[in-house]
Structure formats: structure tokens, C-alpha cells
Ligand SMILES: [Zn+2]
Ligand SMILES: [Zn+2]
């Protein structure tokens with residue numbers, strides 16, 4: 001299932017009764033439209049292009065709200081960037097993060113196996129997974145080709 005098959009983050013939030021201020025709505029849009037994973041600083045910078053008055057505190061409060069509401073995942077992405085944390089829209093466990101420490105690239109690998117794993121957990125442990133995260137560290141294709149060549 002793809003992200004676009006679901007409603008926007010803003011719709012999901014309003015369904016949960018979370019009040020959407022103009023600035024919160026803007027941050028949601030930025031997260032929804034981000035091509036990759038943003039940290040809080042990048043989220044603030046992107047939002048400021050639309051609304052220069054938005055501040056750090058609003059960004060952190062909103063991220064907290066979204067995490068608590070289960071709409072956004074906080075990721076450390078294998079600590080390739082040190083202690084930096086990143087945020088992305090939560091999906092129902094359909095991708096794995098691949099991290100290459102040599103070039104610092106994080107890519108996404110989409111597979112139904114993630115969903116199957118959470119179903120297996122439920123089947124065998126009676127544990128209903130509401131989130132799952134799988135990260136693979138290793139050498140990306142570009143880096144291994146550069147080594148060979
Ligand atoms: Zn690499
Ligand atoms: Zn991701």
C-alpha cells in the first residue's frame with residue numbers, strides 16, 4: 001500500500017480531534033510533501049519559506065503532538081548523522097531503512113515482508129504491533145561499485 005493511498009496527515013489529525021492551527025497545518029504539509037527524512041531543523045527551515053514567523057518551539061511541540069498521536073515516527077536512522085533524529089509520516093510498516101555509513105545515504109526498501117512480520121508477531125505472541133521499524137546497515141551499491149572499480 002502506498003502513502004498516497006491514504007488521506008493526508010492533516011485529515012488524519014482532525015479525525016483524531018487534534019486542533020489544527022495554521023502553523024501546525026503548515027508543518028504537516030511540509031512533512032507530507034518531504035521527499036525524504038527531515039530533522040527538526042530542516043523542518044523549521046522548510047516551513048519558514050512559507051511562514052517566516054514560525055519558531056522552533058512550535059516545531060518541537062507539533063512534532064511531539066504528532067508522535068504522541070501515532071502519526072509520525074521519530075527515527076535515528078542508524079545514527080549515521082550522530083545523535084540527529086528524523087521524522088517521517090507513519091505508514092503501516094511497509095518499508096525498511098537502508099543506511100550506508102560510508103556515504104551517509106539512507107534509502108527506503110519497500111516490502112510486504114514488514115507487514116507479514118508484524119502479523120507473525122501477533123500470531124505467535126498475541127502482541128498487536130502498532131508500529132514496526134527495521135533498519136539495515138551496510139555498504140550501498142554505489143559505494144561497493146566504487147571500491148571494486
Ligand atoms: Zn554508500
Ligand atoms: Zn523512511
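The values are calculated or read from the model by the stated rules, or taken from the named source; none is laboratory data. Quick caveat, the model's predicted, so the values are computed rather than measured. Cβ atoms come from the backbone with ideal geometry, glycine included; neighbour counts cover every protein chain shown.
The set of residues from the range 94-115 being within 19 Å of residue 33 (Cα to Cα) and either away from ligand 1 (no atom under 16 Å from the Cβ) or over 15 Å from the mean Cα position of the chain (by Cα) (or both) comprises 94, 95, 110.
In the range 68-83, which residue that is free of Cβ contacts under 8 Å to residues at least 12 places away in the same chain and on the phi < 0 side of the Ramachandran plot is nearest to the chain's Cα centre (by Cα)?
Filtering first and then ranking leaves 76.
(1) assigned to a loop (DSSP other than H, G, I, E, B); (2) out of contact with any strand residue (DSSP E or B) (no Cβ under 8 Å at 6 or more places or on another chain); (3) not assigned by TED's automatic domain parsing to the domain that holds residue 32: which one isn't true of residue 83, the others all being true? That leaves (3) as the condition not met.
Matching residues to (1) out of contact with any strand residue (DSSP E or B) (no Cβ under 8 Å at 6 or more places or on another chain); (2) not in a loop (DSSP other than H, G, I, E, B):
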| position | (1), (2) |
| --- | --- |
| 43 | no, yes |
| 46 | no, yes |
| 50 | yes, no |
| 60 | yes, yes |
| 67 | no, yes |
| 70 | yes, no |
| 73 | no, yes |
| 121 | yes, yes |
| 131 | no, no |
